[in-house]
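What follows draws every value from the coordinates through simple rules; no lab data is involved. Since this is a predicted model, take the numbers as computed values, not measurements. Using ideal geometry, Cβ is built from the backbone for each residue, glycine included, and neighbour counts are taken over all protein chains shown.
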Amino acid sequence: MSDDVRFDWQRAERAGVPEVVFAQSKSTPQLLAIVGETVVRGGCVLMTRVDTDQAKALVEHYPSDVRFHEASGTLIAGARQIIPDELQPTSVMPKVAIVAAGSSDHALVAEIEQCLEFLGVQSHAYIDVGVAGLWRLTELAPDLNEYPLCIAVAGMEGALFSVLSGLFHGPVIAVPSSVGYGVSEGGHVALNCALASCAPGIAVVNIDNGFGAAALACKMLKVVVTS
């Protein structure tokens, strides 16, 4: 591996979730070095925020060892297209509901889905159920309450987080989306709304942090499964 990359191969053993590569700020040679070492070790690694040029280079160099999911910008690299052995759950993990305010949040929802799948957690997405049409969310409440937890995605004013937490019996992981314009541009309004919510039971990750939400959901479910 290159001198400027020191991958944490033991993180899964220590923390329950492996190191995941944030590709956006990395060079193609750095990513190639990580994939090369992964293949040599016979392991598997997930990359997020992979652009099409990076993906093209990785596929050209390792055509049989990478799988690129364009809609989510994620890529799984390694000889095995499965989650690492150390992450195999001790029993069947419950499904997670992903609830998104708008169809504009589809790319972020796709990232969450792919990260959950890599971590061995099944999910089902409910998209375009924002509170501007509140009936869409209230109609779903009985179905949502069949899940142990929800990951909620919302931009603009972020009202979904509070309303959903008031309808849902389990914890809600709020993912503020950068989708928005004017004062809502960049997701900061949605982030502040999630942090300031008066509805109990909301955990908040950073703006557009789909992997962070998936990792938190995985850890929360492991506590339930192993307790």
Proximal lysines to Lys26, defined as alpha-carbon separation beneath 25 angstrom and excluding residues fewer than eight positions away on the same chain
Lys56
Show the residues, 5+ positions off or on another chain, whose built amide H is closer than 5 Å to the amide H of Ile173.
Cys150, Ile151, Ala152, Ala203
Going by average Cβ neighbours within 10 Å, how do the peptides 166-174, 38-46 rank, with the highest at the top?
166-174, 38-46
Built amide H within the under 5 Å cut-off of Val5, gap 5+
none
Per the Kirkwood treatment, what hydrodynamic radius in Å, one decimal, follows for the chain from the mean inverse distance over all distinct Cα pairs?
18.2
Quick check: residue separation of Asp51 and Asn206 times 0.36 nm, minus the Cα distance between them. What number comes out in nm?
53.7 nm
Note down the magnitude of the dipole of the chain about its Cα centre, charges +1 on Lys and Arg C-beta and -1 on Asp and Glu C-beta and zero elsewhere, to the nearest 20 debye.
420
Zero-based 10 Å bins, Cα pair distances in region 11-86, whole percents:
20, 57, 21, 1
Taking Cα atoms only, Rg over Rh for region 96-226 with Rh from the Kirkwood formula is 0.93
Taking only Cα atoms and a 10 Å spring cutoff, compute GNM fluctuations for the chain and point out the largest among Ala125, Ala101, Ala57.
Ala57
What lysines could a cross-link reach from Lys95, if we take a straight Cα to Cα line under 19 Å and drop same-chain neighbours fewer than 8 places away?
Lys219, Lys222
Take the chain, connect every pair of alpha-carbon atoms lying under 10 Å apart with a spring to form a Gaussian network, then pick out the residue of Asp208, Asp105, Asp53 with the largest mean-square fluctuation.
Asp53
